[in-house]
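Participant: Pasting in a structure now, in structure tokens, and then I'll have a few things to ask.
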Amino acid sequence: MKATIAVLAGDGIGPEVVAEGIKVLQSVATRYGHSFAFPQALVGGCAIDVTGKPLPTETFSLCQASDAVLFGAVGGPKWDDPSAKVRPEQGLLEIRKGLGLFANLRPVRVYPQLVEASTLRPEVLRGVDILVVRELTGGLYFGERQEGTERAYDTMVYTRPEIERVVRVAARAAQGRRKKLASVDKANILASSRLWRRVTTELLSREFSDLQVEHVLVDACAMYLIRRPATFDVIVTENMFGDILTDEAAMLAGSMGMLPSASLGEGRRGLYEPIHGTAPDIAGKHIANPLATILSCAMLLRHSLGLEVEAKAVEDAVAAILAEGKRTVDIATKGESPISTVQMGDAVARQVAG
Ligand code: NAD
């Protein structure tokens, strides 16, 4: 097949890890006879430096004209001035909103080879395989807000259709997995959460009666993710709750460098990115773990291009090279000598090539 993948590498380690993702996709194309084009565009801090905007018009047009978007990360100390009118993160928020990408899928899988890399005990981590579906274009991050030096506020607004569409995505995913769905809210305090719970309950009993459903308060969920993570299958939740819980869940997998994500809307076009940021502390040192980006490329193959066999080949290649003992510094334990970002990308690409 022919496909156009817009590449928005961004700032910090973004370009370093995205280069390895492209390498693996090229290996997929060669092995399976596809033709992928990778046009690049500016986003985030580097786009502000050149154009004054975090999302230049031509970048957004390229995303609209492509089958999928491969995104690195944006931001960094250079653009951190709180009084600045434009911020790199606005670029990402604008793309999500502009492309109508309302569901963010974040799989959290603990590879058996990496149980020692986490700060949690191996017996707690064995068998962890969670899919968090985070609502992405509503809630606290998009509600009306007021800045101020003495008083400021943000608002969390949800509508029935916004809740229904993201819960449907999560419920369908649960049907293809272990058929368990946890809906996370703060219904004991927040009105928007009480609506979330009512709409979720109605929808699931109407359309997804085959699922085992639990409603969990977000504070309790934060605790259960550490105490009994292996009991979760699919989790669906509001934008900010999902943002926080997925960073917590990332620690189950040992490193931010291991977690991919997909942002999807009604159609096939999606945006794929590692969940980590630009990691200014290690940018330019060539030690960033590219596996989160490479696993995001597997999600791209699956969700936007419909190439399930190829997606699985990439995921299997990652598992295989981990089984061989290859580690970047963030996932290396005592006695293991780490390899570089490029060496890790090369290893996965070679494995995919067969
Ligand atoms: P971060 O994810 O960049 O880094 C957190 C820690 O994880 C750091 O110690 C970093 O070295 C490590 N880390 C992250 N990715 C890694 C990888 N691939 N391999 C090895 N180690 C890795 O989060 P932060 O430090 O809070 O944020 C840094 C900048 O990134 C900020 O400007 C923030 O706004 C931005 N950010 C962007 C996005 C995005 O573009 N989607 C997401 C989060 C943060």
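Participant: Tally up the residues in the range 18-38 that are farther than 14 Å from residue 314 by Cβ and touching a strand residue (DSSP E or B) at 6+ places or on another chain (Cβ under 6 Å), please.
Facilitator: If we filter the range 18-38 for residues that are farther than 14 Å from residue 314 by Cβ, which is where we start, we get 18-19, 33, 35, 37-38.
Among the residues that remain, those that are also touching a strand residue (DSSP E or B) at 6+ places or on another chain (Cβ under 6 Å) are: 18, 35, 37-38.
Count: 4.
Participant: For the range 1-46, which positions are within 14 Å of the ligand (Cβ to nearest atom) and in a helix (DSSP H, G or I)?
Facilitator: Residues satisfying the conditions are 14, 15, 16, 17, 18, 19, 20, 21, 45, 46.
Participant: On to the next question. In the range 76-107, what residues are closer than 26 Å to residue 130 by Cβ and within 14 Å of the ligand (Cβ to nearest atom)?
Facilitator: 89, 92, 93, 95, 96, 101, 104, 106
Participant: Another question, then. Which of the numbered conditions does residue 297 fail, given that it passes all the others? Conditions: (1) within 13 Å of the ligand (Cβ to nearest atom); (2) crowded, with 24+ Cβ neighbours inside 10 Å.
Facilitator: (1)
Participant: While we're on this one: All but one of (1) within 12 Å of the ligand (Cβ to nearest atom); (2) modelled with pLDDT under 95 hold for residue 252, so report the exception by its number.
Facilitator: (1)
Participant: Separate question: Any idea how many residues of the range 10-52 are of a type in the set (Asp, Glu) and either under 13 Å from residue 297 (Cα atoms) or surrounded by fewer than 22 Cβ atoms within 10 Å (Cβ to Cβ) (or both)? Spell out the reasoning first.
Facilitator: Going through the range 10-52, the residues of a type in the set (Asp, Glu) turn out to be 11, 16, 20, 49.
Right, trim to either under 13 Å from residue 297 (Cα atoms) or surrounded by fewer than 22 Cβ atoms within 10 Å (Cβ to Cβ) (or both) and you get 20, 49.
The total comes to 2.
Participant: Another question, if that's okay. Which of (1) farther than 13 Å from residue 106 by Cα; (2) within 12 Å of the ligand (Cβ to nearest atom) is the odd one out, the single condition residue 265 does not satisfy?
Facilitator: Of (1) farther than 13 Å from residue 106 by Cα; (2) within 12 Å of the ligand (Cβ to nearest atom), only one is false for residue 265: (2).
Participant: Additional query: Which ones in the range 80-102 are among the hydrophobic types (A, V, I, L, M, F, W, C) and surrounded by fewer than 20 Cβ atoms within 10 Å (Cβ to Cβ)? Can you show your working first?
Facilitator: Step one: of the range 80-102, the residues among the hydrophobic types (A, V, I, L, M, F, W, C) are 84, 86, 92-93, 95, 99, 101-102.
The answer is 84, 86, 93.
The values are calculated or read from the model by the stated rules, or taken from the named source; none is laboratory data. Fair warning: this is a prediction, and the values are worked out from it, not measured in the lab. Neighbour counts run over all protein chains shown; Cβ positions are idealised from the backbone, glycine included.
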